[in-house]
1. Hey, how many Å between the Cα centroid of the range B:34-51 and the Cα centroid of the range A:26-49?
2. Taking 0.36 nm per intervening residue step and subtracting the Cα-Cα distance, what contour gain separates B:ALA98 from B:ASP60 on full extension?
3. From the label point of B:HIS51, set 7 Å along Cα to the beta carbon, how far off in nm is each other copy's matching point, shortest first?
4. What's the magnitude of the charge dipole for the range B:1-76 around its Cα centre, counting Lys and Arg as +1 and Asp and Glu as -1 at the beta-carbon? Answer in Debye, nearest 20.
5. Suppose each label sits 7 Å from its Cα in the direction of the beta carbon; what would the B:GLN22-A:ALA91 distance come out to in nanometres?
6. Counting other Cβ atoms within 10 Å of each Cβ, which chymotrypsin sites (Phe, Trp or Tyr not before Pro) in the range A:1-47 have at most 14 and sit in a DSSP loop?
7. Starting from the residue with the highest accessible area, list B:VAL64, B:VAL46 in decreasing order, probe 1.4 Å.
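The values are calculated or read from the model by the stated rules, or taken from the named source; none is laboratory data. Just so you know, these numbers come straight off a predicted model, no measurement behind them. Cβ placement follows ideal geometry from the backbone for every residue including glycine, while neighbour counts extend to all protein chains displayed. Heads up: the accessible areas ignore ligands, DNA and RNA and are worked out on the full protein's heavy atoms, side chains in. Shrake-Rupley method; radii C 1.70, N 1.55, O 1.52, S 1.80 Å.
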There are 2 protein chains.
Amino acid sequence: MQIGELAAKTGTTPRALRHYEQAGLITSERAANGYRVYDTGAAVRVRNIRHLLDAGLTLDDVRVFLPCLDGDVTAGPASATALRVAAERLAVMDARIAAQVAVRDRLATVLSQATGTHMRPVA
Amino acid sequence: MQIGELAAKTGTTPRALRHYEQAGLITSERAANGYRVYDTGAAVRVRNIRHLLDAGLTLDDVRVFLPCLDGDVTAGPASATALRVAAERLAVMDARIAAQVAVRDRLATVLSQATGTHMRPVA
DNA sequence: TCCGACCTTGACGCCGGTGTCAAGGTCAAG
DNA sequence: CTTGACCTTGACACCGGCGTCAAGGTCGGA
């Protein structure tokens with residue numbers, strides 16, 4: 001499998017895949033002509049990477065999870081470091097969300113007082 | 001009060017304050033020598049701006065809230081236009097918050113699968 | 001043989017908020 | 001007068017995750 005096909009399979013782009021490789025998240029064999037060649041397992045790995053990135057982790061964060069990323073995301077005894085990183089990110093996100101909800105609620109309060117309309121709280 | 005003092009009072013930097021001014025978030029008088037001069041209310045205003053930024057809003061977002069930001073964050077005179085704008089922003093914020101909550105929950109899921117520990121949902 | 005679709009590396013662009021350096025003006029204290 | 005701490009504007013640097021263009025090599029099919 002070469003890079004374009006892997007990109008299509010995983011819903012990313014060749015550019016992103018090269019970027020992941022350069023960041024040390026994936027590896028590739030090289031054909032005689034210099035083209036990258038991936039084995040079938042690469043698709044799972046890339047999808048896992050995407051899940052973590054979509055979950056708000058950085059590439060550096062994801063690298064920490066690599067040891068337990070070769071199977072499915074659901075598998076693998078996560079390393080202590082990996083868990084710590086994830087927990088930290090989670091805490092940051094919770095704090096940020098809470099702050100935004102607070103702002104949102106203040107704004108909703110002002111609006112409801114001014115308009116008399118009830119604004120439903122955040123989901 | 002000049003810029004260094006305001007920065008110290010609000011826990012920011014002169015650079016940031018100039019940036020806020022250039023973004024139209026704060027204003028300043030000028031002394032004869034060209035130095036920026038702030039009145040005492042500026043500190044409250046800047047702290048409110050910081051709160052909103054820390055909540056993940058952008059400078060553009062913050063600008064929208066300026067009309068009801070001159071007193072405390074909790075106060076709001078709210079002109080008709082301001083209300084309409086505020087309602088729009090509220091929808092945007094709700095969408096943004098929902099997206100972040102979704103991301104957060106994905107991360108929490110990954111984490112809980114890895115640890116076997118149940119993480120409580122976002123407040 | 002030649003086109004077009006694929007691949008390669010390298011490098012610059014973007015967004016947002018700020019750090020930081022440059023090259024000065026201003027002012028109070030010694 | 002000099003020093004040094006403050007201020008001014010302007011502009012480039014940075015992070016992260018790519019997009020995108022450049023300039024080329026490598027295929028397979030008509």
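1. Their Cα centres are 54 Å away from one another.
2. Numbers: separation 38, 0.36 × 38 = 13.68 nm, distance 2.00 nm.
That works out to 11.7 nm of additional length.
3. Distances between equivalent label points, in nm: 3.9.
4. Details: 9 positive and 9 negative charges, 49 e Å.
Roughly 240 debye for the range B:1-76.
5. Placing both labels 7 Å beyond Cα along the Cβ direction yields 3.5 nm.
6. On the way: sites: A:TYR20, A:TYR35, A:TYR38; in loops: A:TYR35, A:TYR38.
Sparse-neighbourhood loop chymotrypsin sites (Phe, Trp or Tyr not before Pro): A:TYR35.
7. Numbers: B:VAL64 45, B:VAL46 0 Å².
Solvent-accessible surface, decreasing: B:VAL64, B:VAL46.
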